[in-house]
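J.: One structure is given below, represented as structure tokens, and several questions about it will come after.
The values are calculated or read from the model by the stated rules, or taken from the named source; none is laboratory data. Given the structure is predicted, the values throughout are model-derived calculations rather than measurements. Don't worry about glycine lacking a Cβ; one is built from the backbone with ideal geometry, like all the others, and counts go over all protein chains shown. Just so you know, the surface numbers come from the protein's heavy atoms only, side chains and all, with ligands and any DNA or RNA stripped out. Shrake-Rupley method; radii C 1.70, N 1.55, O 1.52, S 1.80 Å.
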Amino acid sequence: MSSKLIAPSILAADFANLQRDIEMVNKSDADWFHIDIMDGVFVPNISFGMPVLQAIAKHAKKTIDVHLMIVDPDRYIKTFAELGSDVLTVHYEACTHLHRTLQAIKTEGMKAGVALNPHTNVNLLEDTINDIDLVCIMSVNPGFGGQSFIENTYNKVSQLKELITRKGASTIIEIDGGVTNKNAKMLVDAGADVLVAGSYVFKSSDQIETVKDLKKQANS
């Protein structure tokens with residue numbers, strides 16, 4: 001992928017002014033909407049569910065990248081496709097039959113993503129990497145926004161990039177957690193293609209300019 005993508009995380013948006021924040025992303029240089037769905041079981045937090053995603057999809061004019069932090073994600077694959085998800089990412093740690101899950105996602109017409117928690121080794125994807133469209137490397141522990149970036153992420157991205165190249169896969173790499181203009185370039189240099197940014201974007205005083213700067217850093 002030549003141009004590196006920015007995906008603002010809607011988890012950090014102002015839920016009382018959600019349409020306003022969706023419109024901001026539409027107008028900005030951002031490429032994707034990153035939507036975190038949490039169930040309070042797989043992660044110790046509950047975010048939002050289908051009605052909110054449906055409301056977001058109604059106004060979003062860019063790719064909808066849905067990240068499921070839930071147990072037994074297979075139950076909802078068809079539902080998320082119907083709600084407008086373009087990319088559906090499931091956690092490696094939540095899937096007993098990962099290959100089957102990936103096939104089910106693609107059957108519904110979506111790109112299939114796999115997320116890895118900070119403790120999960122990228123080599124566990126050795127046998128499925130050619131079936132995965134996107135790998136989401138968690139650079140914080142999943143469940144809450146605003147956490148500090150885990151420094152080992154750079155090594156992990158490099159290892160994953162090596163695996164993708166060795167296997168001749170077309171998989172792209174997404175980073176989720178603690179992304180700012182301070183680490184964007186280093187993440188891209190390590191092999192990242194998509195940068196998810198939540199608090200850094202939505203808590204800034206000029207969100208449009210922050211996205212623009214992040215995109216510039218990622219593509220410099």
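J.: Given THR171, THR153, which one is hydroxyl-bearing (Ser, Thr, Tyr) and touching a Ser or Thr at 6+ places or on another chain (Cβ under 6 Å)? Break it down stepwise before answering.
T.: Numbers: THR171 fails: touching a Ser or Thr at 6+ places or on another chain (Cβ under 6 Å).
Answer to the selection: THR153.
J.: Oh, and also: Looking at segment 71-81, which of its residues are acidic (Asp, Glu) and either buried (at least 20 other Cβ atoms within 10 Å of the Cβ) or assigned to a loop (DSSP other than H, G, I, E, B) (or both)? Full working, then the answer.
T.: Just the residues of segment 71-81 that are acidic (Asp, Glu), to begin with: 72, 74.
Selection gives ASP72 alone.
J.: Go through segment 1-24 and give me each residue that's touching a residue at least 40 places away in the same chain (Cβ under 8 Å) and closer than 30 Å to ALA169 by Cα.
T.: Selection gives MET1, SER3, LYS4, LEU5, ILE6, ALA7, PRO8, SER9, ILE10.
J.: In addition: Looking at (1) at pLDDT 95 or above; (2) in a loop (DSSP other than H, G, I, E, B); (3) open to solvent by 50 Å² or more (accessible area, probe 1.4 Å), find the lone condition where GLY84 falls short.
T.: For GLY84, the exception is condition (3).
J.: Another one. For segment 6-21, state whether one or more residues are touching a His at 6+ places or on another chain (Cβ under 6 Å), hydroxyl-bearing (Ser, Thr, Tyr) and under 19 Å from VAL179 (Cα atoms).
T.: Looking for residues that are touching a His at 6+ places or on another chain (Cβ under 6 Å), hydroxyl-bearing (Ser, Thr, Tyr) and under 19 Å from VAL179 (Cα atoms), one finds at least one in segment 6-21, hence yes.
J.: Within segment 87-112, which residues are closer than 18 Å to ALA57 by Cβ and either open to solvent by 30 Å² or more (accessible area, probe 1.4 Å) or in contact (Cβ under 8 Å) with a residue 40 or more places away in the chain (or both)?
T.: Of all residues in segment 87-112, those closer than 18 Å to ALA57 by Cβ come to 87-89, 105, 108-111.
Residues satisfying the conditions are VAL87, THR89, GLU108, GLY109, LYS111.
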